[in-house]
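Novice: One structure is given below, represented as structure tokens, and several questions about it will come after.
Each reported figure results from applying straightforward, stated rules to the coordinates on display, with no laboratory input. Every value quoted in this text rests on a predicted model; they were computed, and no experiment measured them. Positions of Cβ are generated from backbone atoms using ideal geometry, with glycine treated the same way; all protein chains shown enter the neighbour counts.
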Amino acid sequence: MPEMTPDWSLRRLVHLVAIYAGALLFGLVAHWLHFPLPWMIGAMVFASSVRMLDRPLPVPGQTRQIGQVLVATSVGLSFTPEAVGAMVSLLIPMVGAAILTIGLGFVVAAFLMRVTRADIITAVLASIPMGPVESATLAVKHNVRPGPVVFAQTLRIMLLVLLIPPAIVALDGTVKDPVAALSRMEWTASGALLLALAGVAGAYAARAVRLANPFFVGSLGGAALAAAFSLPITAYPYPVLVLAQVFLGVWLGAVFDRDLVRHARGFIPGAIMASLLLIALCICMGMALTWITDEKWQVMMLSTAPGSVTEMALTAKILEDGLAVVTAFHVVRIFIILPFASSIIGVTARLAQRWGLQSHD
């Protein structure tokens, strides 16, 4: 641990300023190219490029939590009593979509085993959308290498962010300025501050009871309660959402480094194909739910995307349609998959042992 001298602190501050300046520059280019979520995508591309050059990106871990709180509370504004009432009728499709996503994860895991000769635990942990941190923890618990698992989970999230929002906005055809819906929100200083306080309170309450993904789910809950009780909360000024996108983009891109790729080298082509397969299968599920629920196809595709609740919710906000529904689908899936992830992998391990499915490594 280096001594916290003024000179060392100044160097670190300069380093952080350079990192976020580079991320903002890439975000500006993405904004100029009319990408949806330009600041997040630009920051992610910048951070992953720097890490692939084997350069350090020592960003504070709290930046991801700040980004999640800001985005989650912004999304929570949409949970008005009317929106919550409309979602009650979709509870069965939400639960069904979450369970079916687990089933599709096993289908993709079987494909991944065939093309990479990975063991069944690695394949399942890499294929069911449960997040890089959670899946890596379970990999260590079950004595398999966490590197390929983290790579596959991170790769899927990056592909979702890079492919789904631009594709849906392009196919929708009604959005001329992808950032307009985020930048023209009315706000007041007191309302934005109250929104942030509601989110932080919800985040720490969720953390205290050990909920999954507390800084998103808890902040969302705090903001949703504030909206439901008609407290005088408002949106944030647009620069705050830019900051949130940059924080999240840099954090996500920084995970995707050369060392991670090096340890998953033989696994990479299969992981790319498996990620695209899961995304395609979930798109098919979303289209089927469009017919079942009478919701718009854009809303259902965002709702059933296998991960990236933050980015899918922001895309719904850009489309100005179905934000509460998209968020609810993802939150229900989070609460079904993450609490039972350990049990799912435990049962898989026992069945694999009984059926003689051993590692091919």
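Novice: Fewest Cβ neighbours within 10 Å first, please rank 251, 291, 187 accordingly. Walk me through the numbers on the way to the answer.
Specialist: Numbers: 251 22, 291 10, 187 15.
Ascending Cβ contact count within 10 Å gives the list 291, 187, 251.
Novice: What ranking do 172, 294 get, fewest neighbouring Cβ atoms within 10 angstrom at the top?
Specialist: Working: 172 15, 294 8.
With the fewest neighbours first, 172, 294 line up as 294, 172.
Novice: Suppose we flag trypsin sites (Lys or Arg not before Pro) only when DSSP calls them loop and at most 11 other Cβ atoms lie within 10 Å. Which is the longest uninterrupted stretch of the chain? Walk me through the numbers on the way to the answer.
Specialist: Numbers: sites that count: 176, 184, 210.
Excluding the exposed sites themselves, the longest stretch runs over 1-175.
Novice: While we're looking at this one, here's another question. Just name one of 170, 339, 97: the one whose Cα is farthest towards the positive end of the charge dipole of the chain (beta-carbon charges, Lys/Arg +1, Asp/Glu -1).
Specialist: 339
Novice: Cross-link partners among lysines for residue 317, C-alpha distance below 30 Å, same-chain residues fewer than 8 apart left out?
Specialist: By straight Cα distance, residue 317 reaches 176, 296.
Novice: What does the extension gain come out to for residue 320 and residue 16, with contour length at 0.36 nm per residue minus their alpha carbon separation? Can you show the working numbers first?
Specialist: Values: separation 304, 0.36 × 304 = 109.44 nm, distance 3.39 nm.
Stretched fully, the residue 320-residue 16 segment lengthens by 106.0 nm.
Novice: Right, here's the next one. Of the labelled options [x] 218; [y] 148; [z] 138, which one gives volume of the Cα convex hull per residue in Å³ as computed for this structure?
Specialist: [y]
Novice: State which helices in the chain qualify, where a helix is a whole DSSP H run, it must extend 18 Å or more along its own axis by its Cα atoms, and its mean Kyte-Doolittle hydropathy must be at least -0.5.
Specialist: Details: long enough: 6-32 (38 Å, 0.91); 38-52 (21 Å, 1.07); 62-76 (21 Å, 0.31); 91-116 (37 Å, 2.05); 146-172 (38 Å, 1.64); 189-208 (29 Å, 1.39); 214-228 (20 Å, 1.52); 238-255 (26 Å, 1.92); 268-293 (37 Å, 2.07); 323-355 (44 Å, 1.40).
Qualifying helices: 6-32, 38-52, 62-76, 91-116, 146-172, 189-208, 214-228, 238-255, 268-293, 323-355.
Novice: Tell me, 150, 88, 71 in order of fewest to most beta-carbon neighbours within 10 Å? Present the calculation step by step, with values, prior to reporting the outcome.
Specialist: Working: 150 23, 88 8, 71 28.
Ordered from fewest to most neighbouring Cβ atoms within 10 Å, 150, 88, 71 come out as 88, 150, 71.
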